[in-house]
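The values are calculated or read from the model by the stated rules, or taken from the named source; none is laboratory data. All values derive from a computational prediction rather than experimental measurement. FYI the Cβ positions are ideal-geometry reconstructions off the backbone, even for glycines, and counts take in every protein chain you see.
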Amino acid sequence: MNGVFQGSLLDVGAEGGPRGLGAHVRRTPLAHGAWIDLRPGWLAGADALFTRLMADVPWRAERRRMYERVVDVPRLLAFYGETEPLPDPVLDEARDLLTAHYRDELGEPFRTAGLCLYRDENDSVAWHGDRIGRGRSEDTMVAIVSLGTPRPLLLRPAGGGGPTLRYDIGHGDLIVMGGSCQRTWEHAVPKSARPLGPRISVQFRPRGVR
Ligand SMILES: O=C(O)CCC(=O)C(=O)O
Ligand SMILES: [Fe+2]
């Protein structure tokens, strides 16, 4: 693992946990019924949470078949199903606040948490929508909390056409992909040519969305 994330000095000694959502969330409508909500600086105490998750989460390397070959997935993973305890109480708090904020619009709670660890600039996620489950056919939401080194989250309309949008998601920031985003848009976190420290992404999803 290359590099150490330099935490923010302002965060030292901060009470850990999510701040308010409410009026701090900024929505951007995208084409085709998709939207993005942004809440920069959502998590206080993000340095301490980053350190705990690095140490406590049983990060797994995965291999997946790509055409004829089996290749390493270029990031480490952990998945917490709806009956499994989350690895940190701050994540329970974050999930419950997201549910409280979005419940009327989403119609159901956030239930699962997927974690990715991008160890350095060579880790990435290729263009995809979260379409293994209901995201393939239904509007839904995927809420992502980012910790550690900022990385761009890129979005483009599925099937081409239209410019690629770039969101620079930093330490403690929240981004929510909503509406038809998983089926009408694709997202990616590209590799970088510059050396980068580690980033952790926590994705909260409703039941049956993967
Ligand atoms: O790293 C991120 O924030 C995005 C991860 C992602 O798209 C996924 O796990 O489906
Ligand atoms: Fe995704």
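Only one of these conditions is not met by Ile36: (1) of a type in the set (Val, Ile, Thr); (2) closer than 28 Å to Pro109 by Cβ; (3) loosely packed, with under 15 Cβ neighbours inside 10 Å. Which number is it?
Going through the list (1) of a type in the set (Val, Ile, Thr); (2) closer than 28 Å to Pro109 by Cβ; (3) loosely packed, with under 15 Cβ neighbours inside 10 Å, Ile36 breaks only (3).
Checking the condition of a type in the set (Gly, Ala, Ser) and surrounded by fewer than 16 Cβ atoms within 10 Å (Cβ to Cβ), which residue from Gly160, Gly197, Gly135 passes?
None of the others qualify; the one that does is Gly160.
List pairs: first in segment 31-42 and within 9 Å of Cys181 (Cβ to Cβ) and modelled with pLDDT of 95 or more, second of a type outside the set (S, T, N, Q) and crowded, with 18+ Cβ neighbours inside 10 Å, Cβ under 6 Å, 6+ apart or cross-chain?
Short answer, once both residue conditions are applied: Gly33/Gly179; Ala34/Gly179; Ala34/Cys181; Ala34/Trp185; Trp35/Gly178; Trp35/Gly179.
Looking at Leu77, Leu91, which one is within 16 Å of ligand 2 (Cβ to nearest atom), touching a residue at least 24 places away in the same chain (Cβ under 8 Å) and not hydroxyl-bearing (Ser, Thr, Tyr)?
Exactly one residue qualifies, and that residue is Leu77.
Given Gly172, Gly179, Gly135, which one is of a type outside the set (A, V, I, L, M), within 11 Å of ligand 1 (Cβ to nearest atom) and in contact with a helix residue (DSSP H, G or I) (Cβ under 7 Å, 6 or more places away or on another chain)?
One residue alone meets the criteria, Gly135.
Of all strands (runs of 3 or more DSSP E) completely enclosed by segment 61-134, which ones contain at least 2 residues that are of a type in the set (D, E, K, R)?
Where strands (runs of 3 or more DSSP E) fall fully within segment 61-134 and carry at least 2 residues being of a type in the set (D, E, K, R), they are 63-66, 69-72.
So Pro109 clears everything in (1) more than 11 Å from ligand 1 (Cβ to nearest atom); (2) out of contact with any helix residue (DSSP H, G or I) (no Cβ under 7 Å at 6 or more places or on another chain) except one condition, right? Which one?
In the conditions (1) more than 11 Å from ligand 1 (Cβ to nearest atom); (2) out of contact with any helix residue (DSSP H, G or I) (no Cβ under 7 Å at 6 or more places or on another chain), Pro109 misses (2) alone.
Pull out all pairs, ordered by first then second residue, where Cβ-Cβ is under 7 Å, the residues are six or more apart or on different chains, the first lies in segment 187-210 and is touching a residue at least 60 places away in the same chain (Cβ under 8 Å), and the second is among the charged types (D, E, K, R) and surrounded by fewer than 16 Cβ atoms within 10 Å (Cβ to Cβ).
Pro206/Glu108; Arg207/Glu82; Arg207/Glu108
Please go through segment 15-38 and pick out each residue that is farther than 24 Å from Phe79 by Cβ, touching a Gly at 6+ places or on another chain (Cβ under 9 Å) and not acidic (Asp, Glu).
Correct list: Arg19, His24, Arg27, Pro29, Leu30, Ala31, His32, Gly33, Ala34, Trp35.
Starting from residues that are aliphatic (A, V, I, L, M) and crowded, with 23+ Cβ neighbours inside 10 Å, keep the ones in segment 138-151 and report whichever is farthest from ligand 1 (Cβ to nearest atom).
Result: Met141.
Filter segment 189-210 down to the residues that are closer than 27 Å to Thr99 by Cβ and small (Gly, Ala, Ser), then identify the one that is nearest to ligand 1 (Cβ to nearest atom).
This residue is Ser201.
Among Arg151, Arg111, Arg119, which is among the basic types (Lys, Arg) and within 12 Å of Ser201 (Cβ to Cβ)?
Arg151
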